[in-house]
Structures are given as C-alpha cells and as structure tokens.
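Notes follow the structure.
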Amino acid sequence: MAIRAFMKHCAAVAVAATVAGLGLTAPAQAAPQPLPYVALGDSYSAASGVLPLDPSASPLCARSTANYPHVLAQRTGATLKDVTCGAAQTKDYAGAQYPGVPPQLDALGADTRLVTMTIGGNDNNTFISTVLACASAGIATAGQGHPCTTLYGDTFTDDIDNKTYPAVKAALQATRNKAPQARVAILGYPWIMPPTAKAGCFLKMPIASGDVPYVRDIQTHLNDAVRRAAAETGAIYVDLSKASEGHDACQSAGTRWVEPALFGTNFVPVHPNARGEAAMADLAIGALGL
C-alpha cells in the first residue's frame, strides 16, 4: 500500500511538472473594477468651508477634498468624479452655475454606477433666507419671543412644497435619465438647530428662543420634500435626522457636525465640518450597502 501511494504521488508530481513546463496555469480571477462614482450637489456635498480645498475645482465652488464624496470614495475604492459646488441649486444640474463650471449632469454617463447628492437647500434661498431672516428678527428682540414665526409664517414651507419639492424630483429624474445604470442616493440635511432653545446658543446662532422650533420645522419640511422626491423617482434617501440629533450647530466644537453662524471653525458658516462630512459618508455607505 505504501508503494502504491508513493507511485501515485510521483505521478501527480510529474503531471504538475509537465503542466508548469508547458506554461499552463489556472485561470486567474479578474480583479473587481472600481465603482464609477459621480458626486453632484450643493455646498453640503462640496463641504464648502472645510479645508483643504480641491485644486481641481473652481474657487467659486469652495469644494473640499474632505467632503463626503471623497471620504466615501476612499473607503470604498470607488473612482470619483466630483462636480459638487457650493451654492448649487437644482437649476445648475442642467445649466452652467458659473463660467467654466459646466452643468452638473454633464458628468454623468451610461457607465456611471453610483451617484450621490445633497440638493434643494439653496432653491428659493431656503437656507440662507431662513437663517438671515430669523437671525435679524432674533437680534431685534434680543433673542426673546418668536418674531420670525410671526413675520414669515408658512412662507418658507409653502415655497418648499410648491417649488423645491418638484424641482428636486425633476433633478432626480434627470439624473436617472443620464445615468440609467446607476444607483442614485440623495442625502437629507443634518440638523442645524436643536429641537428647542439651548442655553448659550443665541451667541452662536442668534435665533430667538421661540423661533428655534420654527427654524427646525422648516428643515424638517425640506428633508421630507427630499425624501418624497427620492421615493417617487426610485432614488435612495439617506436619512440624517436620527444620526445628526445632538450634533447641531448649538453643540460644542467637539460634538457638532454643523458649524454655527458665529464663533465657528469653518470659513463658510452654517455648514458641515469635517466631522459632519465623515458622518454623512458613513451613513451613505450604510444606506447603499457598500
């Protein structure tokens, strides 16, 4: 039995040597190709205000290499084409935002397999109008009462329903038309304000105490419009509401994901910091199953 086993072993060695001598090898498995990824969107996608700036982008876009698209690409190995740009609105998907900054949809193609974005917050100047109007009203009353609620009522939420929601839905559908093979994810906006007035926050975010829930509700309304637009176009909605709770602009420097209007660290206030962008990347990766 020992001799028979020895002879089988010798035969196997001989066959292996013959195969090697002929240069025959087992077929190697092809390495997986990097995921072709295009990042669209506004300053929350571009991480405007976070250093270092992306040297390949127009300075007008204030795009950071620490934005969530870059973080997502680094963590997943995706091949990133980043056309995010600060102050972008949905209209800038089909039209040039600035001279030398092409329409964002031009970056998409039949080979695109992943698209992410945040968009809608600049349509109708929702974010900037809310912050400026309510801050001005809050300063006028030294932080007391709810002057912004009284002055503006349903103005902002009506604009979101009647203008922003259909515009975001159209932008998502246009994205799908340009990149029919891609998974499309749109992120909600992380909380800017806490649910109720927080002691000491008026110095950083000068919103009257009674207007804090009002400002928060405007953002809730915007995120819900984005969610509905995603659901109706087959896109993935990345919900930040639960994860970003307790990381708003009123929190301490080591906790907040969004920098305040005053005494923050970003050169563009009321925008996510690097910590917030990294968290947005984590949530997008989880929602996409990457």
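The values are calculated or read from the model by the stated rules, or taken from the named source; none is laboratory data. These figures come from a predicted structure and were not determined experimentally. Ideal geometry is used to build each Cβ from the backbone, glycine not excepted, and the neighbour counts take in all protein chains shown. The area values use the complete protein model at the heavy-atom level, side chains included, leaving out ligands, DNA and RNA. Shrake-Rupley method; radii C 1.70, N 1.55, O 1.52, S 1.80 Å.
Within region 66-79, track down each residue that is more than 22 Å from Thr126 (Cβ to Cβ) and either open to solvent by 30 Å² or more (accessible area, probe 1.4 Å) or in contact (Cβ under 8 Å) with a residue 40 or more places away in the chain (or both).
Of everything in region 66-79, those that are more than 22 Å from Thr126 (Cβ to Cβ) and either open to solvent by 30 Å² or more (accessible area, probe 1.4 Å) or in contact (Cβ under 8 Å) with a residue 40 or more places away in the chain (or both) turn out to be Ala66, Pro69, His70, Val71, Leu72, Gln74, Arg75, Thr76, Gly77, Ala78, Thr79.
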Next on the checklist: Please verify whether Ala243 is touching a residue at least 40 places away in the same chain (Cβ under 8 Å), under 16 Å from the mean Cα position of the chain (by Cα) and under 23 Å from Thr265 (Cα atoms), treating the condition exactly as stated.
Outcome noted: yes
Checklist entry - Is region 219-237 home to any residue that is farther than 30 Å from Ala182 by Cα, without any contact (Cβ under 8 Å) to a residue 40 or more places away in the chain and buried (at least 18 other Cβ atoms within 10 Å of the Cβ)? => result no
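For a quick check of your reading: which helices (runs of 4 or more DSSP H) sit entirely within region 128-212 and have at least 1 residues that are more than 30 Å from Ala284 (Cα to Cα)?
Counting at least 1 such residues, we get 147-152, 155-159.
Would you pick out the residues in region 42-101 that are of a type in the set (A, V, I, L, M) and within 18 Å of Ile128 (Cα to Cα)?
Ala46, Ala47, Leu60, Ala62, Ala87, Ala88
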Checklist outcome for this item: Only one of Thr150, Thr175, Thr130 is within 17 Å of Asp217 (Cα to Cα) and surrounded by 16 or more Cβ atoms within 10 Å (Cβ to Cβ), namely Thr130
Checklist entry - Does any residue of region 260-272 turn out to be in contact (Cβ under 8 Å) with a residue 12 or more places away in the chain and within 23 Å of Arg113 (Cα to Cα)? => result no
Next on the checklist: So for region 226-247 (the condition being hydrophobic (A, V, I, L, M, F, W, C), over 21 Å from Leu114 (Cβ atoms) and part of a helix (DSSP H, G or I)), does at least one residue qualify?
Outcome noted: no
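Checking the condition without any contact (Cβ under 8 Å) to a residue 40 or more places away in the chain and within 25 Å of Val38 (Cβ to Cβ), which residue from Asp82, Asp123, Asp92 passes?
Residue meeting the stated conditions: Asp92.
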